[in-house]
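Note sheet for the following structure.
The values are calculated or read from the model by the stated rules, or taken from the named source; none is laboratory data. These numbers come from a predicted model, not from an experiment. Every residue, glycine as well, gets a Cβ built from its backbone with ideal geometry; the counts of neighbours run over all protein chains shown. Surface accessibility is based on the protein's heavy atoms, side chains included, excluding ligands, DNA and RNA. Shrake-Rupley method; radii C 1.70, N 1.55, O 1.52, S 1.80 Å.
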Amino acid sequence: KSLFSSGLTAMEKKLAEYKCNTNEAIQLKLVRFPEDLEDDNTTFNPEYSHQVFGDDEVAFGYKGLKILLYYIAGNLSTLFRIQYTSKVNEKFDCVEADDVESKIREIIPPGFCTNTDDFLSLLEKEVNFKPFGMLLHTYAVHNEEAGEDITYQIYKADMTCPGFREYHERLQTFLMWFIETASFIDVDDERWNYFLVFEKYNKDGATLFATVGYMTVYNYYVYPDKTRPRVSQMLILPPFQGEGHGAQLLETVHRYYMSSPTVLDITAEDPSENYVKLRDFVLVKLCQDLLCFAPGKLMQGFSQEMVMEAQQKLKINKQHTRRVYEILRLRATDMGDAEQSRSYRLDVKRRLIGPYKKKQRELAKMRRCLRPEELTNQLNQIDLNMQHEQLEESFQQLVSDYRRVLERLAQA
């Protein structure tokens, strides 16, 4: 028996060496110059690979596995190669290696290169690549390393732009690696709008464009003649994160829809925490100069006037306007003053307690409908102390989020 079990662990040990973390194995690049291919500094890895490789994000059967996915910086032509130092052998090891290649092929569109020379010859043609669609906004960001300002542009594109459909297929593959619950959209539905960010850069005296990120927005129809654009996906590629491009993109998209009389307001689908922080910043920046948000009015509380003005002028919905009000009121409040801070806390908590009150009403309704013995199976009345604790915790968390928005605003 001992012989058998120790033999098993040796085999298990051997097989364990053939497991690779796919987030580390996948190596992504956005290539501008031939030397980028050899430069480790241009490599970045996925945050997620579970949608392709399963929840444990492991590929079995290889040692030293590298899955290379290199994209030309502008039009995203792709090089896909797999490298490894050794692979399990079905004949000797009686196990089969995962078919990594077909898993990747499922998400990247056909037409990719499999060898470097083809890829480099495409790189030479990159000078012909131009952004798709209509230019909406140009801005500059000072780059410390380069010691100069770099210019970025935001375009609105659609599927009628020649080449855009194929480009978008390549672009959306990045969602798999950086958005936890990514899905590809139905591009034949004409209600999608696409907003793209590009960086202008120089190469041998010519101006080229590199893809920075993008946003997709779906235009929901609202009876009888309005639309409600809903932000679906937004991604700034990792090499460009933390430089303020997300805020530029979201503000540009808001300004684009603001000019349209048929747009009611803008919403978002299942927003992440980071997106909410970004949206808070952008909306507060847009709203702070509206008359209805003057400090004197903020102190009088949230008003219908705020809701109307934010929606009509800036296409901001009621729920988001309420957050903007709370953030701007925090800025106008002296939290060191007992009366002012108490008034602010009560105002925010009154909103936060809404869901609790709703629960209490539902419980009261159940009490009337159910026999007592059934009720014990249902939720008992929420312990009030616990409710107060949770409320206080939510409030403190909110205030610290709001302060971060205000700090960013002060630097903008």
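Within the range 164-183, being modelled with pLDDT under 95, open to solvent by less than 80 Å² (accessible area, probe 1.4 Å) and over 20 Å from Phe240 (Cβ atoms) holds for one residue alone: Ser183. Note on the range 198-212: residues that are of a type in the set (Asp, Glu) and either in a loop (DSSP other than H, G, I, E, B) or touching a His at 6+ places or on another chain (Cβ under 8 Å) (or both) total 1. Across the range 133-149, a minimum of one residue is classified as open to solvent by 20 Å² or more (accessible area, probe 1.4 Å), touching a Phe, Trp or Tyr at 6+ places or on another chain (Cβ under 9 Å) and either within 15 Å of Asn75 (Cβ to Cβ) or charged (D, E, K, R) (or both).
For the range 58-65, the count of residues that are modelled with pLDDT of 95 or more and open to solvent by 40 Å² or more (accessible area, probe 1.4 Å) is zero.
Could you tell me whether the range 354-376 includes any residue that is loosely packed, with under 13 Cβ neighbours inside 10 Å, at pLDDT 90 or above and under 33 Å from the mean Cα position of the chain (by Cα)? Checked against the condition, which is being loosely packed, with under 13 Cβ neighbours inside 10 Å, at pLDDT 90 or above and under 33 Å from the mean Cα position of the chain (by Cα), the range 354-376 yields no hits at all. Sub-6 Å Cβ pairs linking a first residue in the range 335-354 that is over 14 Å from Leu398 (Cα atoms) to a second residue that is of a type in the set (Asp, Glu), at least 6 apart or interchain, are Gln340/Asp334, ordered by first then second residue.
Candidates in the range 213-229 are the residues that are aromatic (Phe, Trp, Tyr) and assigned to a strand (DSSP E or B); of these, the one that is surrounded by the fewest Cβ atoms within 10 Å (Cβ to Cβ) is Tyr221. Against the numbered list (1) farther than 22 Å from Ile154 by Cα; (2) free of Cβ contacts under 8 Å to residues at least 24 places away in the same chain, Glu326 comes up short only at (2).
You will find that of Glu90, Glu96, Glu106, the residue that is modelled with pLDDT under 95 and within 27 Å of the chain's Cα centre (by Cα) is Glu106 and no other. Answer yes or no as to whether Phe195 is at pLDDT 95 or above, hydrophobic (A, V, I, L, M, F, W, C) and not in a strand (DSSP E or B). It is false that Phe195 is at pLDDT 95 or above, hydrophobic (A, V, I, L, M, F, W, C) and not in a strand (DSSP E or B).
Taken as a whole, the condition of being open to solvent by 60 Å² or more (accessible area, probe 1.4 Å) and either in contact with a Pro (Cβ under 6 Å, 6 or more places away or on another chain) or farther than 21 Å from Thr114 by Cβ (or both) applies to Glu24. Looking across the range 300-317, the residues that are free of Cβ contacts under 8 Å to residues at least 40 places away in the same chain and touching a helix residue (DSSP H, G or I) at 6+ places or on another chain (Cβ under 9 Å) come down to Ser303, Glu305, Met306, Val307, Met308, Glu309, Ala310. Within the range 36-50, residues that are in a strand (DSSP E or B) sit with their Cβ atoms under 9 Å from residues that are open to solvent by 60 Å² or more (accessible area, probe 1.4 Å), at 6+ positions apart or across chains, in these pairs: Phe44/Pro239. Looking only at the range 150-163, residues that are in contact with a helix residue (DSSP H, G or I) (Cβ under 8 Å, 6 or more places away or on another chain) and open to solvent by 10 Å² or more (accessible area, probe 1.4 Å) come to 3 in all.
Looking at this structure, is Tyr402 modelled with pLDDT of 95 or more, more than 28 Å from the chain's Cα centre (by Cα) and surrounded by 15 or more Cβ atoms within 10 Å (Cβ to Cβ)? So Tyr402 does not fit the description; no. For the range 283-299, a residue qualifies if it is touching a residue at least 60 places away in the same chain (Cβ under 8 Å) and open to solvent by less than 10 Å² (accessible area, probe 1.4 Å), and exactly one does: Val284. Is it true that Thr116 is under 27 Å from Thr216 (Cβ atoms), of a type in the set (Ser, Thr, Tyr), surrounded by fewer than 18 Cβ atoms within 10 Å (Cβ to Cβ) and more than 24 Å from the chain's Cα centre (by Cα)? The answer is no for Thr116. Looking only at residues in the range 187-212 that are of a type in the set (S, T, N, Q) and open to solvent by less than 30 Å² (accessible area, probe 1.4 Å), the one that is nearest to Glu251 (Cα to Cα) is Asn193.
Within the range 72-112, the set of residues being in contact with a strand residue (DSSP E or B) (Cβ under 9 Å, 6 or more places away or on another chain) and on the phi > 0 side of the Ramachandran plot comprises Leu76, Gly111. Restricting attention to the range 66-85, the residues that are open to solvent by less than 70 Å² (accessible area, probe 1.4 Å) and either in a loop (DSSP other than H, G, I, E, B) or modelled with pLDDT under 90 (or both) total 5.
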